[in-house]
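Okay, structure first, notes after.
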Amino acid sequence: MGKEIESPKEQSSYTVEQLVAVNPFNPEILPDLENYVNEQVTSKTYSLDANLCLLRLYQFEPERMNTHIVTRILVKALMAMPTPDFSLCLFLIPERVQMEEQFKALIVLSHYLETGRFQQFWDEAAKNRHILEAVPGFEQAIQAYASHLLSLSYQKVPRSVLAEAVNMDGATLDKFIEHQVNNSGWIVEKEDGSVVLPQNEFNHPELKKNTGENVPLEHIARIFPILG
């Protein structure tokens, strides 16, 4: 026999995460999931699993789809870059819905972020402030992603490149850099103001471990009789 669906009274004793885990295909939890999206926005938290569950339920009951909620889900997914969350969410949204203006704008923004085209991103974001500013912390999340992407590409990043990536200048940029110096190990060059970024295996390839060098000699010796 199929699993019985809990009554609303029984469901109220569960957290949203528990509802998703226990019965993710129960349409009765749809309002709880929608409320949870709004809660994520106001509390600056994030649950990909709950949001994906809601988008799947919308697939089964398209007449109940709330495009305002879907927009918020996609904005939160953009804020989770460099994870593939945006693509995972978009896959569950019908193409006819994706053709609405707010979703087309978010898709363009996602493309700019994925390709590191930050000037174009911030220009496009300025045209869609009414969508993005409804979700607190959006700008800060993208600035963190931009900093992450720069750290993979640069050993030393010019101030002008950093300013374009995080959409800051002047005293605001100085304060941002100071915070990164104190918390992320950035170093500011006195001569030209460029920023030396912490070493990692991407901006310093010589740090990347070569697994082939870690094979013990005795293991190699055992292979020769087999090959012979």
Practice task
Starting from region 94-106, keep only residues that are in the same structural domain as Met81 (by the TED database) and touching a residue at least 24 places away in the same chain (Cβ under 8 Å), then list their pairs with residues that are surrounded by 14 or more Cβ atoms within 10 Å (Cβ to Cβ) and of a type in the set (D, E, K, R) whose Cβ atoms are within a distance under 9 Å, requiring at least 6 positions of separation or different chains.
Solution key: Ala105/Glu124
Exercise for the section: Determine whether Thr42 is on the phi < 0 side of the Ramachandran plot and out of contact with any helix residue (DSSP H, G or I) (no Cβ under 9 Å at 6 or more places or on another chain). Expected result: yes
Fill in the blank from the handout: Taking region 164-193 and keeping only residues that are more than 21 Å from Gly137 (Cβ to Cβ) and buried (at least 18 other Cβ atoms within 10 Å of the Cβ), one is left with Trp186
Exercise for the section: Tell me which residues, restricted to region 150-163, are surrounded by fewer than 17 Cβ atoms within 10 Å (Cβ to Cβ) and over 15 Å from Gly193 (Cα atoms). Expected result: Leu152, Ser153
Exercise for the section: Inspect all residues belonging to region 31-53 and state whether any of them is outside any helix (DSSP H, G or I), within 19 Å of Leu132 (Cβ to Cβ) and touching a Gly at 6+ places or on another chain (Cβ under 9 Å). Expected result: yes
Practice task
Note down all Cβ pairs under 7 Å where the first residue falls in region 120-143 and is over 12 Å from Met79 (Cα atoms), the second is among the polar types (S, T, N, Q), and they're at least six residues apart or on different chains.
Solution key: Trp122/Asn167; Ile131/Thr71; Ile131/Gln102
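Taking region 72-113 only, how many residues are in a helix (DSSP H, G or I) and either modelled with pLDDT under 95 or not polar (S, T, N, Q) (or both)? Reasoning before the result, please.
Filtering region 72-113 down to residues in a helix (DSSP H, G or I) leaves 72-79, 85-90, 95-98, 101-113.
With either modelled with pLDDT under 95 or not polar (S, T, N, Q) (or both) added as a condition, the list becomes 72-79, 85-86, 88-90, 95-97, 101, 103-109, 111-113.
Here the count works out to 27.
The values are calculated or read from the model by the stated rules, or taken from the named source; none is laboratory data. Since the structure is predicted, the reported quantities are computational estimates derived from the model, not experimental observations. Here Cβ is always computed from backbone atoms with ideal geometry, including for glycine, and neighbour counts include all displayed protein chains.
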